[in-house]
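Just so it is clear, none of the values below were taken in a lab; they were calculated from the coordinates. What you are looking at is a predicted structure, and each value in this text was computed from that prediction instead of being measured. Quick reminder, even Gly has a Cβ in these numbers, built from the backbone with ideal geometry, and neighbours come from all protein chains shown.
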Amino acid sequence: MNTSCAASGCSGPSVVTLGKQDYCREHFIQTSYQHLEEYQQKFNERDQADELASDSRRRSLHEIVDQSTTTSLTHGDLSNLERVQLLDLVRWAGDLIRQVRRGPRKRVSIPVRLYLESSSQTCAEETLVREVSQHGTSLRCKIPINVGELVKLERMDTGEQVEAIVRWRERLDGSTVHLGLEFYASTNFWRFEW
């Protein structure tokens, strides 16, 4: 790269490319943080309905991780602050990558039984799933459950079971929680053509 930084008013040499724009290190870091803040806000608003936008975000997040890692490994003149910022970009983008939807959702009404077996409790509850993906589902239940816990999900119509991990949780009202479950095995548990 022998061009100047794409940031307005910056004449510094470009050393990193992000989104087909060349940046100096300072503006690459600044621009990456702006992208991550925007994506974090979209995830907080659960704005992932547009699968094309989700794919674009996923690619952009991977590019931030790749370019931050490459920069930190190949630039020997980094300040301690730049090293910390690049590491933070990799960590934050990695966290967001795990939140990006990996595929389309389908609206359904499938009766399931949710099982939680832990050292402190064993619970089961029947509920309906309303939205599914190839990789998991979201559902509402009253079981006191936390992010990171392992559960089993049984389809009441077929008897099939799958293990899953709770990836996110939000309290709705009183004792009802809304959970996001990710399947451990990439099976076609829902029996749909994706």
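Structure notes:
- Total formal charge among the other residues, if their Cβ is under 10 angstrom from that of ALA124, Lys/Arg +1 and Asp/Glu -1: -2
- Cα centroid separation - region 54-109 against region 138-161, whole Å: 30 Å
- Sites listed here are trypsin sites (Lys or Arg not before Pro) in region 104-174 whose DSSP assignment is loop and whose Cβ has at most 14 other Cβ atoms within 10 Å: LYS142.
- Amide hydrogen neighbours beyond the local backbone of SER4, cut-off 5 Å, H modeled: SER14
- Kirkwood radius for region 16-97, taken over all pairs of different Cα atoms as the inverse mean of 1/r, rounds to 13.0 Å.
- Along each principal axis, Cα extent of the chain, largest first, Å: 64, 37, 30
- Sorted by Cβ density within 10 Å, fewest first, the residues LEU89, LEU96: LEU96, LEU89
- Figure legend: label point modelled 7 angstrom from the Cα of ARG91 along Cα→Cβ; residues of region 4-33 with amide N under 16 Å from it are 33.
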